[in-house]
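The values are calculated or read from the model by the stated rules, or taken from the named source; none is laboratory data. Predicted model only: the values in this text are computed from it and were never measured. Quick reminder, even Gly has a Cβ in these numbers, built from the backbone with ideal geometry, and neighbours come from all protein chains shown. Just so you know, the surface numbers come from the protein's heavy atoms only, side chains and all, with ligands and any DNA or RNA stripped out. Shrake-Rupley method; radii C 1.70, N 1.55, O 1.52, S 1.80 Å.
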Protein chains: 2
Amino acid sequence: MSNSKLYKGSLITIILKLLDESDKMYGYEITQKVKKITQGELNITEGALYPALHKLEAQGFLDVEIAKVENRTRKYYKLTEKGNKETSNKLSELEEYIKTMQTFISPKFSLE
Amino acid sequence: MSNSKLYKGSLITIILKLLDESDKMYGYEITQKVKKITQGELNITEGALYPALHKLEAQGFLDVEIAKVENRTRKYYKLTEKGNKETSNKLSELEEYIKTMQTFISPKFSLE
DNA sequence: ATATATACATAATTTTCTTATGCATATGTA
DNA sequence: TACATATGCATAAGAAAATTATGTATATAT
């Protein structure tokens, strides 16, 4: 069940990016999608996911729509206009971060 | 002063990698080196660094040696044998993580 | 009947930061 | 001389973002 792989701070970016790709998604669907895409590498826990979705909604980045499918409740989330901007900001941040970290990983980063 | 760029969990990896490159380093030196390498992108705060160094030492990954230079105290840290193993583990983890995150960033990651 | 999958949620706790503060020495500058 | 900045360590309070542990409920497969 555990991750130990999800660097703190990146869950929000993952959620936003997934919603950017597919018009709308519900929580459980996100956990399954992440598992599939990462081939089991990343497992989003519900204790992290749901509070994150609620926060994004409270910040006005997501709109929610409740649906009943096969007698079970789903909460579909989609990006607002504000959420679109936030997504590109978060993605830029992540790309920058990866570049920075790669300067550390590369065997010779010496700028002395 | 603030970062907002240091994803939680990566500081330890940065410290270990730096110590892997240069035989021994002291705390303040690490903060300056990180600033230089990342061209100011990352600023390691002391409140994060020193506790992290103490923890790594307590875990047996670092040895410490106290020196007096120009009447000021320095605490030099170096990797133990155990620390070397931990370093390669942490670096592998980070590389894997970056690969995973890049599958999200890339415009089309659909495995459907 | 029981386990597993689907679907949401929250509380307690832990980890890992930031921010703020403190102590002390050395050096450059107004 | 006074004051700011740089060097060098440290810890405490608080915030953020996870994990772990629960809880509720329905559907389906064994």
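Given the options A:N43, A:N84, A:N71, state which has the largest fluctuation in a GNM of chain A using a 10 Å cut-off (strictly under) for Cα springs.
A:N71
According to a simple spin-label model (label point 7 Å from Cα along Cα-to-Cβ), what is the distance in nm between A:R74 and B:A67?
6.2 nm
Tell me the accessible surface of A:D23 in square angstrom (1.4 angstrom probe, heavy atoms of protein chains only), to the nearest ten.
100 Å²
What lysines sit close enough to A:K35 to cross-link, taking a C-alpha to C-alpha distance under 23 Å and skipping anything fewer than 8 places away on the same chain?
Hits, sequence-local ones excluded: A:K5, A:K8, A:K17, A:K24, A:K55, A:K75, A:K78, A:K90, B:K8, B:K90, B:K99, B:K108.
Sum -39500 (n - 2.57) across every DSSP H segment of at least 4 residues in chain B, then divide by the residue count to get the 222 nm mean residue ellipticity, nearest 500.
-17500 deg cm²/dmol
Note the angle between two axes, namely the Cα long axis of helix B:11-21 and the longest principal axis of the Cα atoms of chain B, as a number of degrees from 0 to 90, rounded to the nearest 10.
That helix lies at roughly 70 degrees to the long axis.
Report the relative contact order of the stretch B:11-103, percent, no decimals, based on alpha-carbon pairs under 8 angstrom and at least 6 residues apart.
Details: 89 pairs, mean separation 30.0, N = 93.
So the answer I get is 32 percent.
How large is the accessible surface of B:V64 in square angstrom, using a 1.4 angstrom probe and rounding to the nearest 10?
60 Å²
In the P(r) worked out for the protein assembly as shown, what percent of Cα pairs fall beyond 30 Å?
Numbers: 8558 of 24976 pairs.
Value for the protein assembly as shown: 34 percent of Cα pairs lie more than 30 Å apart.
Calculate the radius of gyration of the Cα atoms of the stretch B:21-72 to one decimal place, then report Dmax, the largest Cα-Cα distance, as a whole number, both in Å.
12.1, 31
One decimal, nm, shortest first: give the distances between the label point of A:R72 and those of the same position in the other copies, each label point 7 Å from Cα along Cα→Cβ.
6.1
Note down the Stokes-Einstein diffusion coefficient of the stretch A:11-105 in µm²/s, whole number, using a Kirkwood radius over alpha carbon pairs, 10 °C, and 1.306 mPa s. Write out the running numbers ahead of the final one.
Details: Rh = 14.2 Å.
This corresponds to a translational diffusion coefficient of 112 µm²/s.
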